[in-house]
Structure formats: structure tokens, C-alpha cells
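Worksheet for the structure shown next.
The values are calculated or read from the model by the stated rules, or taken from the named source; none is laboratory data. Predicted, not measured: the structure shown is a model, and the values here were computed from it. Cβ placement follows ideal geometry from the backbone for every residue including glycine, while neighbour counts extend to all protein chains displayed.
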Amino acid sequence: MRILFVAVVVAFLAACTPQSEEAPPVIVPKGPGEQAETMAPGDVGTDRWVAPGEADLKYVASMIVHHRQALEMSALAPERARNETVKGLASRIHDTQGPEIGAMEQWRRQFAENAPAHGHNGSLPEVDHGSMPGMATDEQLAALKAASGTDFDRLFLRLMIAHHEGALTMAVDLLSSGSDVRVEEMANDVVASQSDEIARMKAISLP
């Protein structure tokens with residue numbers, strides 16, 4: 001939305017400005033507390049690289065780890081779950097979050113490649129696993145791996161609902177503090193897909 005708004009402003013200025021005058025630079029707002037950047041009108045709507053904020057970097061680094069645990073949990077379902085709906089949801093989670101990890105890793109590679117040219121060393125923030133909401137503990141993962149049948153189904157749903165709710169918290173926080181358009185798009189995808197999956201998991205009735 002931010003880039004679209006800027007593009008509309010540029011189009012309006014171009015229509016009102018004589019062709020002989022040079023168009024003024026466009027101001028691109030950043031995250032809270034961050035200094036805005038300027039962009040040439042010709043760069044609006046292009047893939048011109050803009051340095052992401054700390055919130056974007058932290059979100060991507062954390063969500064990759066968060067998603068990997070969801071993959072670890074969902075990979076247990078084919079052999080241990082009894083309920084077919086649980087198996088289907090686990091498969092959906094695996095098929096959705098695997099490509100999302102790939103997209104976030106690609107974004108990190110692009111950041112590392114572009115950052116040095118913009119005065120950033122390309123380093124990424126350290127991730128504190130315990131600080132991420134919804135993450136299952138080592139003890140909970142061990143219990144899930146040891147369970148089977150209906151016991152597995154119940155524990156899987158309880159842990160995965162909490163895991164998804166934690167991901168929603170992280171995504172909503174990013175949308176209020178991030179500045180990178182691509183990261184915001186990925187966070188919106190998390191909100192859409194995992195909100196739907198939470199509703200599906202809560203609707204499952206087990207004996």
C-alpha cells in the first residue's frame with residue numbers, strides 16, 4: 001500500500017508539473033523511529049533495494065526457526081496420528097510452511113548480497129528460541145514423538161494450535177513495526193493461512 005500510495009502521488013505531480021522541470025524526489029516512509037528515505041520518481045514501483053529495518057530482520061530470522069519446528073511436528077503425523085483430518089492438516093501445514101521457509105531464506109540471501117553496498121555488514125540478529133511465542137519445549141516435543149493414536153492427535157492439536165497462535169502474534173507485531181514490503185507480504189500470508197488452520201484444528205472432534 002505504501003508504494004502504491006507513493007506511485008499515485010508521483011503520477012499526480014507529473015501531471016501538474018511542466019515537462020521542462022525536474023520532478024522532485026519521492027519520500028519513502030520507513031518504520032517507527034526510522035529516518036525516511038528519498039527515491040527518484042523513476043524508481044517508484046521498481047525493484048530498487050531499500051534496507052529493511054531491524055523488525056524485518058528479526059521477524060524473518062525468528063519465523064524461519066518457528067516454521068522449522070512446525071515442520072518437525074507435522075512430519076510425525078503420517079506414522080503416529082489416527083485421525084484422518086489431523087493427518088490432512090499436518091500435510092497441509094508441511095506443504096505450506098516448507099515453501100514459506102524457502103521464501104524467507106531467499107529474502108535473507110538477497111539482504112546479505114545487497115547490504116554491504118548500502119553500508120550494512122549483512123549480519124542478522126541472533127534468535128532466542130525461548131522468547132518466541134508458541135514454541136513447544138523440548139519436553140513437549142519428546143512427549144509428542146512418544147505418543148501415538150488418539151493421544152498423539154490430542155497433543156498434536158494442542159501444541160500446534162498454540163504454535164500457530166504464537167506465529168500470529170509475531171506476524172501482527174511485524175505488521176505494526178516492519179518497513180519491508182516483501183516481509184509484510186509474507187507476514188500477511190502467515191496471518192491468512194494460520195488463522196484458517198487454527199479454526200480447522202479447533203473444529204476437530206476427537207473421541
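Every residue, every condition in (1) at pLDDT below 50; (2) small (G, A, S), yes or no:
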{"position": "A15", "(1), (2)": "yes, yes"}
{"position": "T38", "(1), (2)": "no, no"}
{"position": "A77", "(1), (2)": "no, yes"}
{"position": "K87", "(1), (2)": "no, no"}
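Determine which member of the set I101, I93 is surrounded by 20 or more Cβ atoms within 10 Å (Cβ to Cβ), modelled with pLDDT of 95 or more and not hydroxyl-bearing (S, T, Y). Step through it out loud before you land on a result.
Numbers: I101 fails: surrounded by 20 or more Cβ atoms within 10 Å (Cβ to Cβ).
Just one listed residue meets the conditions, I93.
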Original post:
Quick one: is A103 of a type outside the set (K, R) and more than 12 Å from the chain's Cα centre (by Cα)?
Top reply: no
**OP:** Residue by residue through segment 129-143, note down the ones that are surrounded by fewer than 15 Cβ atoms within 10 Å (Cβ to Cβ) and small (G, A, S).
**Re:** G130, S131, A142
**OP:** Just give me the residues in segment 149-179 being over 26 Å from T137 (Cβ atoms) and in contact with a Phe, Trp or Tyr (Cβ under 8 Å, 6 or more places away or on another chain), in sequence order.
**Re:** G178
Original post:
Looking at R82, is it over 17 Å from the mean Cα position of the chain (by Cα) and of a type in the set (K, R)?
Top reply: yes
Subject >> Residue pairs meeting the criteria (Cβ under 6 Å; at least 6 apart or on separate chains; first over 15 Å from A61 (Cα atoms), in segment 166-195; second of a type in the set (V, I, T)) >> reply: S193/T96
**OP:** State all residues of segment 132-149 that are within 20 Å of I198 (Cα to Cα) and touching a strand residue (DSSP E or B) at 6+ places or on another chain (Cβ under 9 Å); if no residue qualifies, say none.
**Re:** none
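Only residues that are surrounded by fewer than 21 Cβ atoms within 10 Å (Cβ to Cβ) and not hydrophobic (A, V, I, L, M, F, W, C): list them for segment 68-79, please. Step through it out loud before you land on a result.
Taking segment 68-79 first, the residues surrounded by fewer than 21 Cβ atoms within 10 Å (Cβ to Cβ) are 68-69, 71-72, 75-76, 78-79.
Listed by number, the residues that qualify are R68, Q69, E72, P78, E79.
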**OP:** Could you list, in sequence order, all residues of segment 150-195 that are of a type in the set (V, I, T) and surrounded by fewer than 22 Cβ atoms within 10 Å (Cβ to Cβ)?
**Re:** T150, I161, T169, V172, V181, V191
